[in-house]
Amino acid sequence: MICPKCAYQQADGPGECLCCGVIFAKVRGDGGVRAVPREIPEYESQAASSLEGNRAWLKGRLLIIQPDENGFMVAGRGACYLLLLIWGWRLVTSSIASNYVGESFLHLINLPFHEAGHLFFSPLGRFLQVLGGTLGQWLIPLIVLCAFLVKGNPFGAAVGLWWLGESFLDIAPYMDDARAGQLLLLGGVTGSEVEDYHDWEIILSKLGWLRYDHLIARTTFTIGSILMILSLVWGGFILYRQFRELRKR
């Protein structure tokens, strides 16, 4: 079965498209479903057609739900969503100065990826080696997000996006401490006690942006908050569609 609106291919049976949500009976008055050939003007380039195909693929990956998912799985996702909603609200409403996100157990999960980033980027020079800690911490949740998208699991991808947002929040206090050097770092020392040890003091000093550390931290924290909110909206919409699909069975 091919959706007559978005051309998404799916199994026969559901009364609506699993990708765009259109109700087939409203698209065609006889209630049947068939592919509606799309007339493509001759002046359209092959590149434009390819771009449209990529958009349709991405839309399908972002919104697809699997019709064979059982109630226990959807209920488990609902519980996970509720946890992320409550925890995410607590994180985004905390202040950078409180370092609430840095004191959560997720900071300990982010830390190995941060340190691995230093090692991974070390062949690229001193600056990228230092920056690599932050990049490594951000790359892992981004990879998780993309992996779930490729697998056709948008709810899992939304959780990956939530984690990416949390990683941005986790780095913000580190950035904010660049000049003060009072944050306790790995090894039990502060940046003010050990020279050339604080990642963001080194990074911002080399860029000549050290006086903007608070602004950069606030910007990073805001980006993380936006990503977390987007993830909750996305995940909530996917859950809504999955619960609606279950009620039809």
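The values are calculated or read from the model by the stated rules, or taken from the named source; none is laboratory data. Values in this document were obtained by computation on a predicted structure and should not be read as measured data. Note: ideal-geometry Cβ built from the backbone for every residue, glycine included; neighbour counts use all protein chains shown.
Being β-branched (Val, Ile, Thr) and within 22 Å of LEU128 (Cβ to Cβ): is that true of ILE171 here?
Against the criterion (β-branched (Val, Ile, Thr) and within 22 Å of LEU128 (Cβ to Cβ)), ILE171 qualifies.
Mind listing whichever residues of the stretch 87-136 are hydrophobic (A, V, I, L, M, F, W, C), closer than 14 Å to MET175 by Cα, touching an Asp or Glu at 6+ places or on another chain (Cβ under 8 Å) and assigned to a helix (DSSP H, G or I)?
Hits for the stretch 87-136 are VAL101, VAL130, LEU131.
All but one of (1) at pLDDT below 90; (2) at negative phi hold for ALA178; which doesn't?
The single condition ALA178 does not satisfy is (1).
Hey, which of the helices (runs of 4 or more DSSP H) in the stretch 137-249, taking only ones fully inside, have at least 1 residues that are surrounded by fewer than 22 Cβ atoms within 10 Å (Cβ to Cβ), small (Gly, Ala, Ser) and under 15 Å from the mean Cα position of the chain (by Cα)?
154-176, 213-247
With in contact (Cβ under 8 Å) with a residue 60 or more places away in the chain and either under 29 Å from GLY78 (Cα atoms) or not assigned by TED's automatic domain parsing to the domain that holds ALA79 (or both) as the only criterion, which of LEU186, LEU164, LEU145 stands out?
It is LEU164.
Can you tell me which residues in the stretch 199-249 are hydroxyl-bearing (Ser, Thr, Tyr), more than 19 Å from MET73 (Cα to Cα) and either touching a Cys at 6+ places or on another chain (Cβ under 8 Å) or without any contact (Cβ under 8 Å) to a residue 60 or more places away in the chain (or both)?
Matches in the stretch 199-249: SER205, TYR212, THR219, THR220, THR222.
Select from the stretch 50-75 the residues that are part of a helix (DSSP H, G or I) and loosely packed, with under 11 Cβ neighbours inside 10 Å and write down the one among them that is modelled with the highest pLDDT.
Only one residue tops the list, namely PHE72.
If I ask for residues that are out of contact with any helix residue (DSSP H, G or I) (no Cβ under 7 Å at 6 or more places or on another chain) and within 25 Å of LEU142 (Cα to Cα), which ones from the stretch 187-200 would you list?
HIS198 - this is the single residue of the stretch 187-200 that is out of contact with any helix residue (DSSP H, G or I) (no Cβ under 7 Å at 6 or more places or on another chain) and within 25 Å of LEU142 (Cα to Cα).
Does ARG179 fit the bill of being more than 30 Å from ILE64 (Cα to Cα), touching a helix residue (DSSP H, G or I) at 6+ places or on another chain (Cβ under 6 Å) and free of Cβ contacts under 8 Å to residues at least 40 places away in the same chain?
When the stated conditions are applied, ARG179 passes them.
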